[in-house]
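Written out below as structure tokens is the structure these notes cover.
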Amino acid sequence: MLAVLLDRSARMPGPSETVGANLAKPGPTGDRAERLTNSTIRTAEDYRIKAMPDASHGPVARRPDVTSLDVAIVGGGLAGLYAIHRLRGQGLKVRAYEAGSGIGGTWFWNRYPGARCDVESLEYSYSFSDELQQEWKWPERYGTQPEILRYINHVADRFDLRRDVQLDTRIVSALFDDAANKWQLSTADGEIIQARYCVMAAGNLSTPRVPDFPGLGSFRGKWYHSGLWPHEGVDFTGLRVGVIGTGSSGVQMIPIIARQASHLHVFQRTANFSLPARNAPMDATRERNHKAEYPARRRAAADTPFAIAGHAKPTHPALAVPDDARNAAYESKWQEGGSISFLYAYTDLLVSKQANDTASEFVRNKIRSTVKDPRTAELLAPKDHPIGTKRLCLDTDYYETYNRGNVTLVDVRSDPIDRITETGLRTTGGQAFELDAIVFATGFDAMTGALREIDVRTSAGAVLRDHWEGGPLTYLGLMVSGFPNMFVVTGPGSPGVKTQMIASIEQHVDWIAGCLDHLQARGLDRIEASPQAELEWVGHVNAVADSTLYPLANSWYMGANIPGKPRVFMPYVGGFDRYKRHCDAVAAKGYEGFALSRHAKAAV
Ligand code: N01
């Protein structure tokens, strides 16, 4: 979401440029059957099978053996639902396949206490229907998970999307049959789906990851992952709880769990910067004004790096301003709440280390003045990465929570977790913690996890996992060379995760819809990214990232949270505005960098 203030002078790749991708070595992947026989649970599916037998929500109705579609959509979250609406609107036969027992994707699964969006609710919503954006009432400045899920369900009903969503259906493989010019998808239940085109809308933070600690199977208490939270909720009242992880999920849940638990141990490996959200009930005047200007605000948002309007563009570098004025500016942003606004204080906070140091130190001082125990405050004050280079968290009372008598911060950087035991966990230094419940707020196999879980290949011999062995390769984040007629929504190479996500989803899907329309109008039925265009795009994505401070952090943007995952910067941080203009220009030039054709047999 924080695609701000970078060197926007880095050029888009031109047709004749050769740019080497920043490719790294692959890590061990492990075979699925092996994974299910040991005590390690690394994926949503493993978790569902081993830990939450109730999560599949009962038997699945018998389905036809083969379904034929124009477009098969993988995922029933915000992206999959909009794809149904948009593509169906142009007369295509579409269907979305969703592993969960309900629609909503991220907002279906992430039900942990305090789960809330860190983009303001008037922004974080679909723009495709003015009636929808006028009629929906957001009760708070930032939407809670239940509220956002209610909104998504409302959209599904209002636009009659449910009839084209198949729930409880996990796609396990996707094979492109070159001769038939069709994708053939298989579900875990053995259903076959054939489709001319495939849209992968499976999410970018949708593959929960539990670290490979030995002993988890022996733990006698209950354990949870933030991204696979039980629907009935969890009552931690009176329990000794351990939360592992202090990213956005941990930072949101820790203050709430602390109010219930008899004692909460927070196991922190890396301190994260967090800013106050300043959540509040929706201000009626603000809502009225926003709604009166909605279409104009959406247009303005599309012209910003992060697809969010309403923040004045910064005009000065941080060091061009005297210290007291700069600190006053940071203070005013701190009081206002929100992350975009803070990082948008000066032009160079994400490109100049010196500039960034001033903002980082301001927040470290806020932590020091909030947390009473100096040792805990110092542990919480991040020193290993510039502010904003990992996802900047937004919180309500996060640092204040460490002043409670029942909360202890444990530094597992200096003394890592060694194993889970029957009664809690133990560190390599021999510290033992007695716990009734463990919460893994340990994140996701981001950006590539969902697609790597599906066996994507072609009859011509291309295998997606192999193609991405050294890091993901895409052209515009939208297509992968060697995999015709397969589109990806907000995956690697796209700015999605660095923007207001729904804006990126709408932009990607609109582009795909325009592309299919273009093909149809010309009697064409195949599109494929050229390997050269793909390499140039990946090179450009890396060049832009390298012109910023982002690579200084060990973040999930770099795959750094997954042992053995290639260290490649995955999101496009050149900004939504620039990306959209580039995608539009590519389309206007007859889909430059793509090969478009009519498939011989399909023409018969
Ligand atoms: O996951 P994360 P998340 N031992 O990867 C730690 C979006 N989101 O679920 O930093 C000990 O950020 C890990 O430590 P380290 C948002 O984009 C949005 O919190 O790797 N600790 C880290 O502290 C976000 O960025 C919202 O050293 C271990 C934590 O676990 C993304 O989802 C809310 C460990 C993982 O943090 C992911 O957020 C929630 C180990 N072996 C999420 N392994 C909002 O909109 C990992 N960790 C507000």
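Of the residues Ala529, Ala545, Ala533, only one is out of contact with any Lys or Arg (no Cβ under 8 Å at 6 or more places or on another chain) and free of Cβ contacts under 8 Å to residues at least 40 places away in the same chain; which? Even if it seems obvious, please write down each step before you answer.
Values: Ala529 fails: free of Cβ contacts under 8 Å to residues at least 40 places away in the same chain; Ala533 fails: free of Cβ contacts under 8 Å to residues at least 40 places away in the same chain.
Matching residue, one of Ala529, Ala545, Ala533: Ala545.
On inspection, Leu149 fails the criterion of being farther than 17 Å from Met282 by Cα, surrounded by fewer than 21 Cβ atoms within 10 Å (Cβ to Cβ) and in contact with a helix residue (DSSP H, G or I) (Cβ under 7 Å, 6 or more places away or on another chain). Taken over the stretch 445-476, the criterion of being open to solvent by less than 20 Å² (accessible area, probe 1.4 Å) and within 16 Å of the ligand (Cβ to nearest atom) is satisfied by Ala446, Met447, Thr448, Gly449, Ala450. Considered as a group, the residues in the stretch 162-192 that are more than 27 Å from the chain's Cα centre (by Cα) and surrounded by 18 or more Cβ atoms within 10 Å (Cβ to Cβ) include one that is farthest from the ligand (Cβ to nearest atom), and that residue is Asn181. The single residue among Thr442, Thr490 that is within 13 Å of the ligand (Cβ to nearest atom), assigned to a loop (DSSP other than H, G, I, E, B), farther than 23 Å from Phe594 by Cβ and at pLDDT 95 or above turns out to be Thr442.
On the basis of being in contact with a Leu (Cβ under 9 Å, 6 or more places away or on another chain) and either open to solvent by 30 Å² or more (accessible area, probe 1.4 Å) or not in a strand (DSSP E or B) (or both), does Trp138 make the cut? Taking the combined requirement at face value, the residue satisfies it. Taking the criterion of being more than 14 Å from the ligand (Cβ to nearest atom) and surrounded by 22 or more Cβ atoms within 10 Å (Cβ to Cβ), the only residue of the stretch 372-386 that qualifies is Pro386. Taken over the stretch 330-339, residues that are open to solvent by less than 30 Å² (accessible area, probe 1.4 Å) and either among the hydroxyl-bearing types (Ser, Thr, Tyr) or more than 19 Å from Cys393 (Cβ to Cβ) (or both) amount to 2. Of all residues in the stretch 416-432, those satisfying the criterion of being part of a loop (DSSP other than H, G, I, E, B), at negative phi and surrounded by fewer than 15 Cβ atoms within 10 Å (Cβ to Cβ) are Pro416, Glu422, Thr428, Gly429, Gln431.
Beta carbons closer than 6 Å, at least 6 apart along the sequence or on distinct chains, pair a first residue in the stretch 337-365 that is farther than 17 Å from Ala381 by Cα with a second that is among the charged types (D, E, K, R) for Gly337/Arg278; Ser341/Lys333; Phe342/Lys333; Ala345/Lys333; Val351/Asp7; Ala355/Asp348.
Kindly indicate the residue of the stretch 346-398 that is part of a helix (DSSP H, G or I) and among the aliphatic types (A, V, I, L, M) and also farthest from Thr246 (Cα to Cα) among those meeting that condition.
Of all residues in the stretch 346-398, those part of a helix (DSSP H, G or I) come to 353-370, 374-380, 398.
So of that shortlist, the ones also among the aliphatic types (A, V, I, L, M) come out as 355, 359, 363, 367, 377, 379-380.
Details: Ala355: 25, Ala359: 20, Val363: 16, Ile367: 15, Ala377: 14, Leu379: 12, Leu380: 10 Å.
If we take residues in the stretch 346-398 being part of a helix (DSSP H, G or I) and among the aliphatic types (A, V, I, L, M), then Ala355 is farthest from Thr246 (Cα to Cα).
Could you give every pair whose Cβ atoms fall below 6 Å, whose first residue belongs to the stretch 98-117 and is open to solvent by 10 Å² or more (accessible area, probe 1.4 Å), and whose second residue is charged (D, E, K, R), counting only separations of at least 6 or pairs across chains? Pairs found: Ala99/Arg170; Ser101/Asp168.
The values are calculated or read from the model by the stated rules, or taken from the named source; none is laboratory data. Being a predicted model, the structure only gives us computed values, none of them experimental. In this analysis, Cβ positions are derived from the backbone assuming ideal geometry, glycine residues included, and neighbour counts consider all displayed protein chains. What goes into the accessible areas is simple: the full protein's heavy atoms, side chains included, and nothing from ligands, DNA or RNA. Shrake-Rupley method; radii C 1.70, N 1.55, O 1.52, S 1.80 Å.
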